[in-house]
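All remarks here apply to the structure that follows.
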Amino acid sequence: MTEIGAQVNLFHPADRVWQALTDRTALARWFTEAEPVAGADRLLLHTAGLPGFDAAVDAEVVDRRAPELLTLRCQEANRRTRLTCAIAPTAEGCRLSVTESLEHGNWPDDQRARREEYYQQALTVQLPAILDWLAFQRIDLRRGDVAMTAEMPVTEVLGEEPAPADRRFRPVLVGALVGAVLVAAGVVAWAVLPGESGGSASSDPLALPTAATATGEASRSTPSARPSRSTTPGADRSSRTPTAKPTRTSASAPPSAPPLAARYESVSTRLLGYTAEVVLDNPGDAAATGWTLVLTLPEGSTVTGAKKVEWRQDGQVVTFTGQPVPAGGSQTVEFDVRDAGIRKAPEECTVNGNPCAGL
């Protein structure tokens, strides 16, 4: 039996995902428009023109167990399939698995691939955005709740009437201008401070030796002080030149491997988070082992998962390690971040201490 499958872990409760599957308005926002058809539990899905679909789908509900299971018998042109949506709770929210099994007809290989790709995109990009939108409509003001995956975080402005866009951003702009003025004032104050800079000149390595300055007026009245510095110029030059350069070139260090290069890219964003990746490039002739990728996230952001790497988070700092990067090759570190802020990217990114491109 030919089967198409897609799966996604979601940071939302099962009942909200169930709403996105069964509410026609929500379904139209992330998958396709649905129109009721005469008869019990039947819908016409307007899938004609979507990747991997030939025509509209006449779907009949054959099993409904809210909020766990929804099964549809689908008729599309000369093809009949069974579409199953299963929701299982997880520690962070729930997991949605979608499978479509072919019961009659056939799928050409390229059409099946396009259809499966569309399911995966709808579940991992479009559906999370709609779930965030539904969560935004149900802001929970219960401060005692610990599970932040189910509801929007509480901020100081909740419950107040929303201000126009220009008023909301005005404090940010004013704060930035005040900060700039304070920095400029500090620079000016440092430049005009009296006395302090003159006192530090005594520690300048280019100042006259202490023995020459401590004699006061006597040092200026003694003409032999200056000739004494030039009486043995040859001795001074010979004492500085004999072995400095030969010792530097006597032992040649082995050439060091070129450092890993890293490029940061955003994959997708949503209201309560984003998905991103860092591509590690190894220009050297040997595999790069023991690399360390360090991200500094905005305050309140949390990495919720990463593919094929080990990671740990300590406050705002997240450290990734993984398999060696092959010589002349690359390796991609993809990760998901949950946040509730405006910035949808790390504040800083380094690999082995070198900054990443793309930020």
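Any read-out appearing in this document is the output of simple, stated calculations on the displayed coordinates, not a laboratory observation. Every value quoted in this text rests on a predicted model; they were computed, and no experiment measured them. Ideal geometry is used to build each Cβ from the backbone, glycine not excepted, and the neighbour counts take in all protein chains shown.
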- prompt: Using the Cβ atoms and a cut-off under 10 Å, what net charge is assigned to the surroundings of residue 44, where Lys and Arg are +1 and Asp and Glu are -1?
  reply: -2
statement: Full extension between residue 48 and residue 90 adds, at 0.36 nm per residue less the Cα distance, a length in nm of 11.7 nm
- request: Using a/c under 1.5 as the rounded threshold, could you call the range 252-346 rounded, prolate or oblate? The axes a ≥ b ≥ c are square roots of the C-alpha gyration tensor eigenvalues, and prolate needs a/b larger than b/c, oblate otherwise.
  value: prolate
Chain lengthening between residue 103 and residue 7 when straightened (0.36 nm per residue, less Cα-Cα): 32.4 nm
task: Read phi for every residue in the range 77-91 and hand back ³J(HN,Hα) as whole Hz from Karplus 6.51 cos²θ - 1.76 cosθ + 1.60, θ = phi - 60°, with x for Gly and Pro.
output: 6, 9, 10, 10, 9, 10, 9, 10, 10, 10, 10, 10, x, 10, 5
Sequence ranges 269-280, 74-85, ranked by mean other-Cβ count within 10 angstrom, highest first: 269-280, 74-85
message: Could you give each residue of the range 342-359 its phi-based ³J(HN,Hα) in whole Hz, using Karplus coefficients 6.51, -1.76, 1.60 with θ = phi - 60°, and x for Gly or Pro?
response: 7, 6, 10, 6, x, 6, 8, 9, 9, 10, 6, x, 9, x, 7, 7, x, 9
- prompt: Amide H to amide H, which residues 5 or more places from residue 68 or on other chains are under 5 Å from it, using H placed in the peptide plane?
  reply: none
statement: For the pair residue 319 and residue 294, the simple spin-label estimate (label points 7 Å beyond Cα toward Cβ) gives in nm 0.8
Inter-label distance for residue 265 and residue 286, nm, one decimal - labels placed 7 Å from Cα along Cα-to-Cβ: 3.0
message: Let me make sure I get this right: for the range 1-145, a, b and c are the square roots of the gyration tensor eigenvalues over alpha carbons, sorted descending. Under 1.5 in a/c it's rounded, otherwise prolate if a/b > b/c, else oblate. Which is it?
response: prolate
